[in-house]
Amino acid sequence: QVQLVESGGGLVQAGDSLRLSCTASGRTDSSYDMGWFRQAPGKEREFLAGARWSDGSTYYAGSVKGRFTISRDIALSTVHLEMNRLKPEDTAVYYCAAAPVVGGISQQYRYWGQGTQVTVSS
C-alpha cells in the first residue's frame with residue numbers, strides 16, 4: 001500500500017503561481033511513477049503531468065505544457081507540480097496518483113491522494 005498526501009492548494013488570483021506537493025508513504029520501496037490530475041465540477045478527471053520515477057522523464061498534457069512543471073524529490077518521496085500563469089479555468093480539485101508505469105489514463109494509476117482544491121479568481 002502507498003499513501004499519497006497532497007498539499008499546497010488554495011485561492012489565488014489569475015496570473016499567480018502555485019506549487020502543489022505530494023508526499024508518498026508506505027511501500028515506497030517499490031518505485032512508482034507519479035502523475036497529477038485535476039477534476040473540475042461536472043467534468044471528467046484530466047491528466048496534467050507525469051514523471052517517471054527512475055529517470056525523471058516528464059510528460060505533459062497539451063493544455064498545461066509550458067505553464068505547469070512536474071518534478072520529483074527522491075529523498076523526500078515527493079513530487080511537485082509548479083503551476084504558473086494560472087487562469088480561472090484551472091480551478092479544480094488536484095490529485096496526485098501513483099502508477100507502475102506513467103501514462104495519461106487515470107485507470108493506469110493504482111493509488112490516489114485525497115485531492116487539494118485550487119481556486120483561481122479572475
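The values are calculated or read from the model by the stated rules, or taken from the named source; none is laboratory data. Just so it is clear, the model here is predicted, and its values are computed rather than measured. For neighbour counting, all protein chains shown are included, and Cβ atoms are generated from backbone atoms with ideal geometry for every residue, glycine included. Areas reflect the complete protein model, heavy atoms only, side chains present, ligands, DNA and RNA absent. Shrake-Rupley method; radii C 1.70, N 1.55, O 1.52, S 1.80 Å.
Points worth noting:
- For Q114, the conditions (1) crowded, with 17+ Cβ neighbours inside 10 Å; (2) outside any strand (DSSP E or B); (3) touching a residue at least 60 places away in the same chain (Cβ under 8 Å) all hold with the exception of (1).
- Count of the stretch 26-75 residues which are acidic (D, E) and surrounded by 13 or more Cβ atoms within 10 Å (Cβ to Cβ): 2
- Here I74 passes the criteria (1) out of contact with any strand residue (DSSP E or B) (no Cβ under 7 Å at 6 or more places or on another chain); (2) of a type in the set (A, V, I, L, M, F, W, C); (3) modelled with pLDDT of 95 or more except the one numbered (3).
- R38 more than 20 Å from Q1 (Cα to Cα), in contact (Cβ under 8 Å) with a residue 24 or more places away in the chain and in a loop (DSSP other than H, G, I, E, B): no
- The stretch 89-111, residues that are surrounded by 14 or more Cβ atoms within 10 Å (Cβ to Cβ) and closer than 20 Å to Q13 by Cα: D90, T91, A92, V93, Y94
- When we screen L4, L20, L11, L48 for residues that are part of a strand (DSSP E or B), over 15 Å from the mean Cα position of the chain (by Cα) and hydrophobic (A, V, I, L, M, F, W, C), the only hit is L11.
- Evaluation of H80 against the conditions (1) in a strand (DSSP E or B); (2) modelled with pLDDT under 95 shows that the sole unmet condition is (2).
- Residue check for L86: assigned to a loop (DSSP other than H, G, I, E, B) and open to solvent by less than 10 Å² (accessible area, probe 1.4 Å): yes
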